[in-house]
Amino acid sequence: MIKIGKVTNTHGLKGEIRILSHFKYKDVIFKIGNVIYINNEALEINSYRVHKEYDMVTLKGYNNIDNVLKFKGKNVYIDENDYRFPGILNEELIGLDVYENDKYIGKITDVITNNYQELIVIDNKYLIPYVSEFIKEIKKDKVQINLIKGLINED
């Protein structure tokens, strides 16, 4: 299971939930008929829309605010085997070794997504923008990066 977001609140009286998600491939996940998981319960998406920075979803069989209150504050997951993604998931990068040419830099410990860009975290201390100018190549066991002076503080 892959965490794709969190239910922050309900919206209206008809059972709509507000999900905060920075998942890379939301356009693949949030489609009518797709299944998401909250509290280990498989839930089919009945409708979807975007409102501000939130993904607004109604679930099949849940048409009242009282029915969806139990989801408030809960994480939202998907089964990665249910989907085909057009690229690498951020979760697949965690644990990969990072090199600049032959020089070992460290391991990817996290990928942070904010409203502006994605950042690769190396050894919980270096932040590298996840863009083609810095990420040269991603293989199944390592990542090749292109550093510029000052990006990583070398002692």
Hits in the stretch 72-101 (condition: more than 22 Å from Ile38 (Cα to Cα) and modelled with pLDDT of 90 or more): Leu93, Ile94, Gly95, Leu96, Asp97, Val98, Tyr99, Glu100
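Considering only residues that are without any contact (Cβ under 8 Å) to a residue 24 or more places away in the chain and of a type outside the set (Val, Ile, Thr), look in the stretch 90-109 and name the one that is farthest from Ile122 (Cα to Cα). Show your work before the answer.
Applying the first criterion (without any contact (Cβ under 8 Å) to a residue 24 or more places away in the chain) to the stretch 90-109 yields 92, 94-95, 102-104, 106-107, 109.
Now drop any that are not of a type outside the set (Val, Ile, Thr), which leaves 92, 95, 102-104, 106-107.
Numbers: Glu92: 14, Gly95: 9, Asp102: 16, Lys103: 14, Tyr104: 11, Gly106: 6, Lys107: 5 Å.
Ranking the qualifying residues of the stretch 90-109, first place goes to Asp102.
Of all strands (runs of 3 or more DSSP E) completely enclosed by the stretch 31-107, which ones contain at least 2 residues that are over 16 Å from Lys14 (Cα atoms) and assigned by TED's automatic domain parsing to the domain that holds Ile128? Steps first, please.
Values: elements: 35-38, 41-51, 54-59, 75-78, 97-100.
Answer list for the stretch 31-107: 97-100.
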Going by what's in this entry, would Ile45 be described as under 10 Å from Val57 (Cα atoms), of a type in the set (Val, Ile, Thr) and surrounded by fewer than 19 Cβ atoms within 10 Å (Cβ to Cβ)? yes
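Give the stretch 8-37 a look and list any residue that's of a type in the set (A, V, I, L, M, F, W, C), crowded, with 20+ Cβ neighbours inside 10 Å and within 24 Å of Asn81 (Cα to Cα), or say none.
Those that are of a type in the set (A, V, I, L, M, F, W, C), crowded, with 20+ Cβ neighbours inside 10 Å and within 24 Å of Asn81 (Cα to Cα): Ile19, Phe23, Ile29, Phe30, Ile36.
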Of the conditions (1) within 19 Å of the chain's Cα centre (by Cα); (2) among the hydrophobic types (A, V, I, L, M, F, W, C); (3) not in a loop (DSSP other than H, G, I, E, B), Phe23 satisfies every one except a single condition; which number is it? (3)
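Take the conditions surrounded by fewer than 14 Cβ atoms within 10 Å (Cβ to Cβ), more than 27 Å from Asn40 (Cβ to Cβ) and free of Cβ contacts under 8 Å to residues at least 12 places away in the same chain and apply them to Glu137. Does it pass?
Details: surrounded by fewer than 14 Cβ atoms within 10 Å (Cβ to Cβ): yes; more than 27 Å from Asn40 (Cβ to Cβ): yes; free of Cβ contacts under 8 Å to residues at least 12 places away in the same chain: yes.
Here the answer is yes, as Glu137 does meet what is asked.
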Checking the conditions here, which among Tyr83, Tyr99 is over 23 Å from Tyr116 (Cα atoms), out of contact with any Lys or Arg (no Cβ under 9 Å at 6 or more places or on another chain) and not aliphatic (A, V, I, L, M)? Tyr83
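The values are calculated or read from the model by the stated rules, or taken from the named source; none is laboratory data. Note that the structure is a prediction, hence the values are computed from the model and not measured. Glycine gets a Cβ as well: all are built from the backbone with ideal geometry, and neighbour counts include every protein chain shown.
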